[in-house]
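This report concerns only the one structure given below.
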Amino acid sequence: MTSSSIYKIAIIGTRGVPAKYGGFETLAENIVHYHQKNTLPDLITVYCSTQNGIEPSRSYLSARLKYIPLNANGPQSILYDVISLILAIWDQNNTILLLGVSGALILPLIRSVSRARIVTNIDGIEWQRSKWRGPIKYFLKFSERMAVRFSHAVIADNDAISRYVAQIYGVECDVIAYGGDHAISVAAIQVDELNIPAAYAFSVCRIEPENNVHLILDAFARQKDLGLVMVGNWSNSNYGEKLYAKYKKYDHIALYHPIYELGKLKTLRTNTCLYVHGHSAGGTNPSLVEAMHFGRPIAAFDCSFNRATTENKSLFFSDSDELLQIINRRNNPKFGSSGLDLLEVARRRYSWEIIASEYFHLMRN
């Protein structure tokens, strides 16, 4: 195969690989893993930020890496994605996988000067998140519209997102979720340095109002039979700092700052008797599909995204009273069986082998 006939794929919109941050980075890494494992002939380039905390390298597994001296998150993210898109066209990629909609405002120009196939994962309905207000909210909604209109294919990670896009824009999405089996494939690492209750529920998330952290903490503070271990970025907002100060005094509630080692998270997830998922926005949340692979019961906030992800097999709550009722029912025989139902869904729908193969089929179609 000559260099001119090699199919070239660009992955844009992440901090880079190897994954050290969030769901899109994990997605990009597992696409690269699948590419190398199956010795696919495509040339993959991942566009990375020099500010991702990883020493720059020319390659990772079978992917080439290209760096942009901007932050992939925060105010610089729009320019970061725009420059990545321009470079991807300059490098004559055949397909561009755009993760997120920040840079979508430039897609009309990209389509006018390039024949590259644009495949965009629009993530959740980002503009609806409570943390965005005013001009930022309107910009994100505009970017979403540009992404849907000017992409050759639109990926929704959740059936509820797909229905939203069809209703608002009249466009059919390809529904491809996230894998979660990477969370169980690593070796467990003991967490002896942490003060873990003997019997506990576990939760890991960004500490934001839309993740209903206040609701979860209130429910657990009102009983003492089951402990809670909660991991998150407590210092990143006034919301998190206030909650941390209020609830750290409870002996059966253990609040920890971010833990990124998958081995430590595996230990915490394996030994919990209940996973609590408070996310109310987004689509298929990576932390939820990861938790499903451990076969533990899951108490999830009652919203269309979580119901679609778990096929209605989770235990659902809408307020702290309902969550407290779930906690008090944990000795019911049906409580444990719900975790096995979720494990079956996870193995059928949320393995990276399945997810990555669907991405490659769409990117090369």
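The values are calculated or read from the model by the stated rules, or taken from the named source; none is laboratory data. All of these numbers come straight from a predicted model, not from anything done at the bench. Cβ atoms come from the backbone with ideal geometry, glycine included; neighbour counts cover every protein chain shown. These accessible areas exclude ligands, DNA and RNA; they are computed on the full protein's heavy atoms, side chains included. Shrake-Rupley method; radii C 1.70, N 1.55, O 1.52, S 1.80 Å.
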Using the beta-carbon distance between Ile189 and Asn312 and R0 = 35 Å, what value does 1/(1 + (r/R0)^6) give for FRET efficiency, to the nearest 0.05? 0.55
Cleavage-rule hits, trypsin sites (Lys or Arg not before Pro), the stretch 235-293, DSSP coil, Cβ neighbours within 10 Å at most 13: Lys248, Lys249
Could you state how much accessible area Ile207 has, in square angstrom rounded to the nearest 10, with a 1.4 Å probe and all protein chains kept in place? 10
Residues with amide H under 5 Å from that of Cys48, placed H, sequence gap 5 or more: Lys66, Tyr67, Ile68
DSSP loop (so not H, G, I, E, B), at most 16 other Cβ within 10 Å: list which trypsin sites (Lys or Arg not before Pro) in the stretch 131-217 pass both filters. Lys131, Arg133
Considering the chain as a Gaussian network with a 10 Å cut-off on Cα pairs, which listed residue, Asn285, Asn233, Asn38, attains the greatest mean-square fluctuation? Asn38
With Cβ to Cβ distances under 15 Å as the rule, what net charge do the other residues near Tyr80 carry (K, R +1; D, E -1)? 0
Just list whichever of Lys137/Lys246; Lys249/Lys313; Lys266/Lys334; Lys20/Lys334; Lys20/Lys224; Lys37/Lys66 have alpha carbons separated by over 26 Å in the model shown. Lys137/Lys246; Lys249/Lys313; Lys20/Lys334; Lys20/Lys224
Any idea of the accessible area per residue across the chain, 1.4 Å probe, to the nearest Å²? 45
So, over other residues within a Cβ distance under 11 Å of Tyr7, counting Lys, Arg +1 and Asp, Glu -1, the net charge is +2
Sparse-neighbourhood loop sites, GluC sites (Glu not before Pro) in the stretch 144-240 - DSSP loop, at most 13 other Cβ within 10 angstrom: Glu172, Glu193
Could you list which residues have their amide H under 5 Å from that of Gly282, counting only those 5 or more apart in sequence or on another chain, with H placed in the peptide plane? Ile125
Carbon/sulfur fraction of accessible area - the chain, other protein chains in place, 1.4 Å, %: 51
Connecting every pair of Cα atoms under 10 Å apart in the chain and solving the GNM, the largest mean-square fluctuation among Ser112, Ser351, Ser102 falls on Ser112
Gaussian network model of the chain, springs between alpha carbon atoms under 10 Å - residue of Ile44, Ile54, Ile355 with greatest fluctuation: Ile54
